[in-house]
């Protein structure tokens, strides 16, 4: 270091010893915990992404099956196509409700984690 | 020094592999300096701890983008400095120049009849009364013994600007301490 860079300064030596200590002795653990929480949250977000995609596929396929295919089926076990369609649609709607509830709960839980 | 660099490289590899001991090594090694630099800028212990924590998280998250051309220290200090200035900008609370009249050329050792610990305490107090940029360059230059070039790499400021800041900071530090001494 040149003399121009470092002229004599009375307090230089004292500043050289002025490093402060981190007041929180638990700092290391705090950072590690936060890192782990962030990693967990990242994983959760990936899972919820998959869930939303599969949910959308499920709804689309269910709609196609109930509107296009069931009406063209022959009677099965004495049940007319109309009745089959009704049974399928009841199961389909219940499944959608359960999955939607699950997704909403999951999404809210993750939102709480973020805050 | 070579040994220390090897240890750091070893832990850097661990860090890149996601090994927890690598994270712990860097937190232990740099937490005090992170806090010291942050407090030089934000002037508040609690905020400085938050800034340090955020800086570590950001650094670890971005560790794969660290190209190892510069030292880890330089790269990490730059993150702390950016984080601390961002926090300062948010709070809009930078120190106004309370000590603009700093006409002093008196050597401190001659003028202050106090021991080293008291001087150290006064210096740390004086840092809290200095503008963020001046406090930062003084700390980097004298505490970390960084060259003007390295200070420039950490702060992103020009070398000429850093020299001016250093000159002002030295004068201001002396002036603050002289005035505090009068009050004692």
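Name the one entry in B:73, B:92, B:43 that is in contact with a helix residue (DSSP H, G or I) (Cβ under 6 Å, 6 or more places away or on another chain) and either surrounded by 13 or more Cβ atoms within 10 Å (Cβ to Cβ) or more than 14 Å from chain A (Cβ to nearest Cβ) (or both).
Working: B:73 fails: in contact with a helix residue (DSSP H, G or I) (Cβ under 6 Å, 6 or more places away or on another chain); B:92 fails: in contact with a helix residue (DSSP H, G or I) (Cβ under 6 Å, 6 or more places away or on another chain).
Among B:73, B:92, B:43, only B:43 is in contact with a helix residue (DSSP H, G or I) (Cβ under 6 Å, 6 or more places away or on another chain) and either surrounded by 13 or more Cβ atoms within 10 Å (Cβ to Cβ) or more than 14 Å from chain A (Cβ to nearest Cβ) (or both).
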Discussion item. Against the definition (within 10 Å of another protein chain (Cβ to nearest Cβ), modelled with pLDDT of 95 or more and either crowded, with 17+ Cβ neighbours inside 10 Å or in contact with a strand residue (DSSP E or B) (Cβ under 8 Å, 6 or more places away or on another chain) (or both)), how does residue B:60 come out, yes or no?
Written reply: no
Worksheet item: Of the residues B:145, B:134, which single one is surrounded by fewer than 19 Cβ atoms within 10 Å (Cβ to Cβ) and either on the phi > 0 side of the Ramachandran plot or at pLDDT 90 or above (or both)?
Response: B:145
Fill in: Enumeration of residues in segment A:44-80 that are closer than 16 Å to residue A:91 by Cα and surrounded by 14 or more Cβ atoms within 10 Å (Cβ to Cβ)
A:55, A:58, A:59, A:62, A:65, A:66, A:70
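Does residue B:81 fit the bill of being modelled with pLDDT of 80 or more, over 27 Å from residue A:32 (Cα atoms) and part of a helix (DSSP H, G or I)? Break it down into steps so the answer makes sense when it comes.
Details: modelled with pLDDT of 80 or more: yes; over 27 Å from residue A:32 (Cα atoms): no; part of a helix (DSSP H, G or I): yes.
No; evaluated as a whole, the condition is false for this residue.
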Fill in: All positions within segment B:151-169 that are surrounded by fewer than 20 Cβ atoms within 10 Å (Cβ to Cβ) and assigned to a helix (DSSP H, G or I)
B:152, B:153, B:159, B:160, B:161, B:163, B:164, B:167, B:168
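Return the only residue of B:136, B:143 being more than 10 Å from chain A (Cβ to nearest Cβ) and within 16 Å of residue A:19 (Cβ to Cβ). Talk me through it step by step, then tell me what you get.
Working: B:143 fails: more than 10 Å from chain A (Cβ to nearest Cβ).
One residue alone meets the criteria, B:136.
Being in contact with a helix residue (DSSP H, G or I) (Cβ under 7 Å, 6 or more places away or on another chain) and surrounded by 15 or more Cβ atoms within 10 Å (Cβ to Cβ) is true for just one of A:35, A:41. Which residue is that? First the steps, then the outcome.
On the way: A:41 fails: surrounded by 15 or more Cβ atoms within 10 Å (Cβ to Cβ).
Exactly one of A:35, A:41 is in contact with a helix residue (DSSP H, G or I) (Cβ under 7 Å, 6 or more places away or on another chain) and surrounded by 15 or more Cβ atoms within 10 Å (Cβ to Cβ), namely A:35.
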Worksheet item: So, of the residues in segment B:11-24 that are buried (at least 17 other Cβ atoms within 10 Å of the Cβ) and at the interface with chain A (Cβ under 10 Å from one of its Cβ atoms), which turns out to be farthest from residue B:61 (Cα to Cα)?
Response: B:24
Discussion item. Looking for something closer than 24 Å to residue B:47 by Cα and at pLDDT 75 or above - is there at least one such residue anywhere in segment B:97-112?
Written reply: no
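Given the condition modelled with pLDDT under 80, more than 8 Å from chain B (Cβ to nearest Cβ), in a loop (DSSP other than H, G, I, E, B) and over 28 Å from the mean Cα position of the chain (by Cα), answer yes or no: does some residue in segment A:18-33 qualify? Let's see the steps before the verdict.
First, pick out the residues of segment A:18-33 that are modelled with pLDDT under 80: none.
Taking every residue of segment A:18-33 in turn, none turns out to be modelled with pLDDT under 80, more than 8 Å from chain B (Cβ to nearest Cβ), in a loop (DSSP other than H, G, I, E, B) and over 28 Å from the mean Cα position of the chain (by Cα).
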Fill in: Test for residue A:111: is it in a helix (DSSP H, G or I) and modelled with pLDDT under 75
yes
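The values are calculated or read from the model by the stated rules, or taken from the named source; none is laboratory data. This one's a predicted model, so the numbers in the text were calculated from it and none came from an experiment. Because the Cβ atoms are built from the backbone with ideal geometry, glycine has one as well, and the counts that use them run over all protein chains shown.
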